[in-house]
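The next block holds one structure in the form of structure tokens; read it before the comments.
The values are calculated or read from the model by the stated rules, or taken from the named source; none is laboratory data. Keep in mind the model is a prediction, meaning the values are calculated, not measured. Here the Cβ is made from the backbone with ideal geometry for all residues, glycine too, and neighbour counts use every protein chain on show. Surface accessibility is based on the protein's heavy atoms, side chains included, excluding ligands, DNA and RNA. Shrake-Rupley method; radii C 1.70, N 1.55, O 1.52, S 1.80 Å.
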Amino acid sequence: MTEPTTDPATSAPADGAATEPPVPSFADLGIAAPLLAALRDAGYEKPTPIQREAIPLALAGRDLIGLAQTGTGKTASFTLPMVQRLLGGPRRTRVLVLTPTRELCLQVEESVRKYSKHAPVGVIPVYGGVGYEPQERALRNGVDVVVATPGRLLDHLEKRNVDFSYLETLVLDEADRMLDMGFAPQINRIVEQIPRWRQTLLFSATMPPEVEALARKYLRKPVVVQVGRRSSAATTVTHAVYPVPRHRKGDLLVHLLREHPSETVLVFTRTKSGADRVVHDLQRAGIEAGAMHADKSQKERVQALEDFKSGAMRVLVATDIAQRGLDISGITHVINFDVPQQAEDYVHRIGRTGRAAATGDAYTFMSGEEIGMVRTIERVIGQEIPRVSVPGFDFGTVAD
Ligand code: AMP
């Protein structure tokens, strides 16, 4: 369910579906006047998808996991709120961005300069392989934003050239690459010196277990926002939970299917009538769908499954009972429209995806009443399932 949205220029929904909400402007997202001016100068007209999702949350001070690759506009999605939160505050080092490479370090620095063109915010890049003294002088003078690679920054920290006791925001950019490059020990030692009551934003193109562990250790109640293509190297099922009010689940399903028009999806509902209702709603929205439940004959069920597997039908809506005894392996997308009552059912459903294919996605729609059931499932499967926030649907952020 994660089509690439790699070109910021084409971030608006291409099909222009009448029911899609209009793309918000940067001002709608809460960006302040001096930054809006800088964005106008840069020629950015509309926020990209990652910016639309991340900016309001980051401005509100939430911890965030951004699953996005370079090219999605991810840098601005953290630098804009970060610069805005610095406006008017005391002049101390309040933001640290850790990046894996010197190139990225310079890119982030340039981005901060670009957006703070009409706002007084100081930034310095700190990386290895160049003279030490100029960095030392600049750090000792105190500067709002430090953008650094972990190795060189740790040198400065150990020599007490920099004081992080007032740090408010930590950004871990391209966390997967930093870990691949063996920076985990340095990152740990740096983060130990940063106040716990900070905002932490983590960006990563992929979410291997090491990155998940890092996020669990350093982020507090993070919201996960995801755009772009995930790593094709992923060999496991990707789980995600979408918080959504119960009465909006149908709309969310239509929204996701419209965003990803090429995918086929097996949807599970708890009841037969629930399955029929979903099929009805999808058909009304112009999406081919069929139901598979106990009121259908075995012949009808097999036919529905064949239509689904051949691609003639995009969405198959099933109850648990109906799918037993049928071969639905190789299906890559499963959506739990209702959270399964039994954790075992979750495992069973999800076991159906990602078996023949190299990857599989398992998404679960969770209403407020179902939070407890999701927690039980997480205990049984022994892992936390990332929450994915879709603007306009997430009861958490809508209510915030
Ligand atoms: P990034 O993914 O952060 O590396 O950004 C990719 C490129 O998109 C950079 O050259 C940015 O300057 C550009 N960019 C970021 N946000 C926008 C936007 N909202 N509109 C147009 N271009 C953008």
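For the chain, carbon and sulfur atoms together expose 50% of the accessible surface, with a 1.4 angstrom probe and every protein chain in place.
Between 0 and 90 degrees, the angle of helix 272-284 with respect to the longest Cα principal axis of the chain falls at about 70 degrees. For the residue pairs Lys159/Lys217; Lys46/Lys117; Lys114/Lys217; Lys249/Lys272, the C-alpha atoms sit more than 22 angstrom apart in Lys159/Lys217; Lys114/Lys217. Could you tell me whether segment 63-209 comes out rounded, prolate or oblate from its Cα gyration tensor? Rule is a ≥ b ≥ c as square roots of the eigenvalues, rounded for a/c under 1.5, then prolate if a/b exceeds b/c, otherwise oblate. Verdict is rounded for segment 63-209.
Against the main long axis of the alpha-carbon atoms of the chain, helix 49-59 sits at an angle near 60°. Both radii are taken from the alpha-carbon atoms of the chain; with Rh as the Kirkwood radius, Rg/Rh is 1.02. Count Lys and Arg as plus one, Asp and Glu as minus one, and take only other residues whose Cβ is under 13 Å from that of Ile377; the net charge is then -3. If you take all other residues with their beta carbon under 15 Å from the beta carbon of Gly88, and give Lys and Arg +1 and Asp and Glu -1, the sum is +2. Of all aspartates and glutamates in the structure, those lying under 12 Å Cα to Cα from Lys309, and not within fewer than 8 positions of it along the same chain, are Glu263, Asp327.
For the chain, the per residue solvent-accessible surface stands at 45 Å², with DNA, RNA and ligands left out and a 1.4 Å probe.
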